[in-house]
Amino acid sequence: MRTLEWDQTTQCLKMVDQRELPSTFTVVYLESYQEVADAIRNMTVRGAPAIGVTAAYGMVLAALRSQSTTLDLLQSDLEKASRILEAARPTAVNLPWALNRMRKVANQPYDDVQNLRSALLSEAHLMADEDVKINKSISAYGAELIEDGDTIIHHCNTGALATVDWGTALGVIRTAFEQGKKLHVLVDETRPRLQGARLTAWELSQYQIPYDIISDNSAGYFLRSGIVNKVIFGADRVARNGDVANKIGSYMLALAAHANNVPVYSVFPFSTVDIDLKSGDLIPIEERSQDEVLDLKLHDRLVVPEDASARNPAFDVTPHELITAFITEKGVIFPPFEDNLIDKIQEL
């Protein structure tokens, strides 16, 4: 199944609960836009493209559950729902991108409320299908950069679970492997929520792609050893100048790769580009609960003092100077990133 799908029978959004993987494969059903906002916030669903499409279906649920019988009142309900959904997580630009697209649909003239509801559902379906198509296009372009025998460090999770289906950076690896290239993936744990160790490793196991999980702080060791050919990760927001916000730890990984002359590729759809944002310094960085850091056990015992406190930024920004190229649905983009991103956006 897809990571998230509309269930026509129940008129609900069903999705894989990513908090339960890899031990349990669980599907949850979301019945309201409030439940969708909670699912985004608590990371039942995660990954910038998946979050965007999830929010689109959240707008569908807002329309279906609204008791309003006039277009004006329904559109008002939808505006309220969009604000709540947009506030669920601040860093990934796919979230406001998807909601703005749904707002445009909602604010068109309609004969009645049912036509508006139908239009929103059709748009959400279209966005879901587009996501899969875009990811496969991204992966085809990226696979051309992967060589037979490559060892690749991958950070966080960017596979089918982070999208509607197929994936971005992990989709590149998957496509190259299915082309017959022999690959080995070093999977960063990606603390503190371990999206690499839990989710990327689980996906690679499904695809039978050889991998080893490595601790985040060992990436520099492997890069300096000379066995790593490429570093690849996704993006949650890309600024106009090419600075990339991605899962915390991406910046340190890119620094180590740059110091050891290993190419770094950031993989994303153009919906992740925030062309109005001049640089990565302006990207809002989500700081999550310190409990994600402090609730760490070894042999069933907490490893931190009881009175310890923590900081827990969920993302960091990698300056564009450290990135070799972007892999997108419009091809591979090399520096100068600002000029080339604008050129590609004008083609869309």
>> About the Cα centre, and with charges only on the beta carbon of Lys, Arg (+1) and Asp, Glu (-1), how big is the dipole of the chain? Nearest 20 debye, please.
In response: 240
>> Explain nothing, just compute: Karplus ³J(HN,Hα) = 6.51 cos²θ - 1.76 cosθ + 1.60, θ = phi - 60°, for every residue of the range 255-269 in order, whole Hz, x for Gly and Pro.
In response: 4, 5, 5, 4, 5, 10, 6, 9, x, 10, 10, 9, 10, 6, x
> Relative contact order for the range 194-348: what is it in percent, counting Cα pairs under 8 Å that are at least 6 residues apart?
Replying inline: 25
> Using 7 Å Cα-to-Cβ label points, what is the Asp212/Asp281 separation (nm, one decimal)?
Replying inline: 4.1
> Scattering from the C-alpha atoms of the range 224-292 alone, worked out with Debye: what is log10 I(q)/I(0) at q = 0.15, 0.19, 0.29 1/Å?
Replying inline: -0.57, -0.82, -1.26
> In nm, to one decimal, how far is the modelled label at Asn115 from the one at Phe334, with both set 7 Å along Cα→Cβ?
Replying inline: 5.2
>> So if I place +1 on the C-beta of Lys and Arg and -1 on the C-beta of Asp and Glu, and nothing else carries charge, what would the dipole magnitude of the range 1-122 be about its Cα centre? I want it in debye, nearest 20.
In response: 380
> Considering only Val60, Val187, Ala140, whose Cα is most displaced toward the positive end of the charge dipole of the chain, charges sitting on Cβ of Lys, Arg (+1) and Asp, Glu (-1)?
Replying inline: Val187
>> If I take R0 = 51 Å and measure r between the Cβ atoms of Thr9 and Val304 in this structure, what FRET efficiency does the formula 1/(1 + (r/R0)^6) give, to the nearest 0.05?
In response: 0.65
>> Please report the accessible area of Asp276 (heavy atoms, 1.4 Å probe, ligands and nucleic acids excluded) in Å², nearest 10.
In response: 140
>> Cut-off 10 angstrom, C-alpha nodes, Gaussian network model of the chain. Which of Ala48, Ala239, Ala314 fluctuates the most?
In response: Ala314
> Which whole-percent values make up P(r) of the range 1-99 when all C-alpha to C-alpha distances are grouped in 5 Å steps starting at zero?
Replying inline: 2, 15, 25, 23, 18, 10, 4, 1, 1, 0
> Going by average Cβ neighbours within 10 Å, how do the peptides 335-346, 264-275 rank, with the highest at the top?
Replying inline: 264-275, 335-346
> If R0 is 22 Å, what FRET efficiency do you get for Ser122 and Arg19 from their C-beta distance, rounded to 0.05?
Replying inline: 0.15
> How large is the charge dipole for the range 226-348, taken about the Cα centre, if only the Cβ atoms of Lys, Arg (+1) and Asp, Glu (-1) carry charge, to the nearest 20 debye?
Replying inline: 400
> With all pairs of different alpha carbon atoms counted, what Kirkwood hydrodynamic radius in Å does the chain show?
Replying inline: 20.6
>> Principal axis extents for the range 262-348, Cα atoms only, whole Å, descending order, please.
In response: 55, 28, 21
>> Contact order normalised by length for the chain, with contacts defined as Cα pairs under 8 Å and 6 or more residues apart; what percent is it?
In response: 15
> Under a GNM of the chain (C-alpha, springs under 10 Å), which listed residue has the highest mean-square fluctuation: Thr200, Thr318, Thr44?
Replying inline: Thr44
> FRET efficiency for Glu347 and Glu144, Cβ-Cβ distance as r, R0 = 22 Å, nearest 0.05?
Replying inline: 0.70
> With axes computed from alpha carbons, what is the tilt in degrees of helix 71-86 against the longest principal axis of the chain, rounded to the nearest 10 within 0 to 90?
Replying inline: 20
> Taking H as built 1.01 Å from N, whose amide H comes closer than 5 Å to the amide H of Thr163, not counting residues under 5 places away?
Replying inline: Ala50
> Quick one: Karplus J couplings for the range 119-124, per residue in order, coefficients 6.51, -1.76, 1.60, θ = phi - 60°, nearest Hz, x for Gly and Pro?
Replying inline: 5, 5, 5, 4, 5, 5
> Of Tyr33, Tyr211, Tyr221, which has the largest mean-square fluctuation in a 10 Å C-alpha GNM of the chain?
Replying inline: Tyr221
> What residue among Pro284, Val264, Gln206 has its Cα farthest toward the positive end of the dipole of the chain, where the charges are +1 on Lys, Arg and -1 on Asp, Glu, each on the Cβ?
Replying inline: Gln206
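The values are calculated or read from the model by the stated rules, or taken from the named source; none is laboratory data. Quick caveat: nothing in here was measured; it's all calculated off a predicted structure. Here Cβ is always computed from backbone atoms with ideal geometry, including for glycine, and neighbour counts include all displayed protein chains. SASA here: full protein model, heavy atoms, side chains in, ligands and nucleic acids out. Shrake-Rupley method; radii C 1.70, N 1.55, O 1.52, S 1.80 Å.
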